[in-house]
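Bear in mind that the values in this text are calculations on the coordinates, not laboratory data. Remember, predicted model here, so these are calculated numbers, not experimental data. Cβ placement follows ideal geometry from the backbone for every residue including glycine, while neighbour counts extend to all protein chains displayed.
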Amino acid sequence: MLIKEKRRLIILIMSILFLLSGCSKDTTLYITEENGMYTASFLAMDTVMSFSIIGINAKAKIQKAYDYIMAFDDTYSAHSQNSEVVKVNAEASNGILISDNLAQQINTALKVSIMTNGAFDITVFPLVNLWGFYDGNYTVPDSDSIEKAIKSIGYEKIKLKDNMLYLEKDTQIDLGAIAKGYAGEKTAQLLMNLGIKSGMLSLGGNMQIFGLNAYGSKWNIAIQDPNDNNAYVGIIHNTDCSIITSGSYQRYFEKDSKKYHHIIDPHTGYPAESGLISVTVIADNGAYADALSTGLFVTGLDKAIEIWKEYQDFEAVFISDNNIIYITQGLADKFTSSSESYSFEYIYR
Ligand code: AMP
Ligand code: MG
């Protein structure tokens, strides 16, 4: 068992090395088996993915999940030639008919934009691009460029009726904050339709879980310590949900000893400085959990708690830059802390 564990770890590390060395085109699928649980590891959507499932013909079915993600990546990535998003950004000012998948993601995005008063906004693309988070050419833009980009940003510039989409001139969308959550849930549905009853899908740390693990209990999902790559702050014990984290430690560059991370406050044009360094959202819906984790990272703790109290359809773990971890009431019997570097507080309605 230990040897298999090690082999899985080595494959994952190999995948990460490929990613870091810029060989992000290597999308080879590695499948391992342990105690009847099959795990697929591969690169897709700019990240390392790892899908574990249990069930009859699991190996063939996990291959189908991989094929699904590869096709999804090709259709929704902002970098692919076949991308519907690229087409939309070029043509939607004249109106364009879009796929159901894209319409669902945009509708969820608009809902979360309204909930967060625009802290979450997929029209943030020109700013993401300006800072270099789209093509990897990181720069700190001058304030004039930021002011100019902000003018084309605003979720009210998106008009979606049924599948007909209009974007105002110069407005462009970026699904980076929602697509992995959406894809995770769709992949879980695909596997369940194929008769798989148990799965833990990690899309670069965005988790989608269903059924029970190989030991017959709920899945244990670790929450990464934002201040230490090799540690975690606690474990969520749950199933049949999405568990998605947004953090400033996940993607950033440094200039003149200052860190600039990838979650942009659409109102200021700068990386959000809300006092939070990590936000994990647990919800039934993958796209919703993904969008909310990004949005609540931007709003900061106080507003996030108001939203949590108002909507009552998600739970969350917030980590602040002064080492306090806030856990919402609904996780009281599902969260186990495992770090002495933080203090833990529960939030009640
Ligand atoms: P996530 O990792 O899910 O928090 O998403 C972060 C990614 O979403 C960034 O890399 C950008 O592509 C995009 N993004 C950044 N800021 C925002 C924002 N305020 N609203 C929506 N998308 C954003
Ligand atoms: Mg997100």
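Observations, loosely collected:
- Residue among Lys255, Lys218, Lys186 with the largest mean-square fluctuation in a Gaussian network model of the chain, springs linking Cα atoms under 10 Å: Lys255
- Ascending count of other beta-carbon atoms within 10 Å, so fewest first, for Asp333, Asp142, Asp265: Asp333, Asp142, Asp265
- q = 0.15, 0.20 Å⁻¹, segment 84-167: log10 I(q)/I(0) [Debye, one scatterer per Cα]: -0.60, -0.99
- Protection proxy ranking, peptides 205-215, 121-131, average beta carbon neighbours within 10 Å, highest first: 121-131, 205-215
- The Cα center of segment 97-143 and the Cα center of segment 157-207 differ in position by 14 Å.
- Listed by chain and number, the lysines placed with their C-alpha closer than 23 angstrom to that of Lys303 are Lys111; residues fewer than eight positions away on the same chain are left out.
- Straight-line cross-link reach from Lys59 at under 16 Å between alpha-carbon atoms covers these aspartates and glutamates, not counting any fewer than eight positions away in the same chain: Glu33, Glu34, Asp67.
- The local environment of Thr328, defined by Cβ-Cβ distances under 11 Å, has a net charge of +1 under the rule Lys, Arg +1 and Asp, Glu -1.
- Helix content alone sets the calculated 222 nm mean residue ellipticity of the chain: runs of n ≥ 4 DSSP H residues at -39500 (n - 2.57) each, divided across all residues, give -10500 deg cm²/dmol.
- Cβ-based net charge around Tyr252, under 13 Å, with every Lys or Arg adding one and every Asp or Glu removing one: +2
- Report note on the peptides 197-203, 326-332: ranked by the mean count of other C-beta atoms within 10 Å, highest first, their order is 197-203, 326-332.
- Distant-in-sequence amide contacts of Asp170, defined by a placed amide H-H separation under 5 Å and a gap of 5 or more residues or a different chain, comprise nothing.
- The chain: most fluctuating residue of Glu33, Glu156, Glu254 per GNM, C-alpha cutoff 10 Å: Glu254
- Principal axes of the chain: Cα extent on each, largest first, Å: 58, 46, 40
- Whether segment 144-286 is rounded, prolate or oblate, judged on the alpha carbon gyration tensor where a/c under 1.5 counts as rounded: oblate
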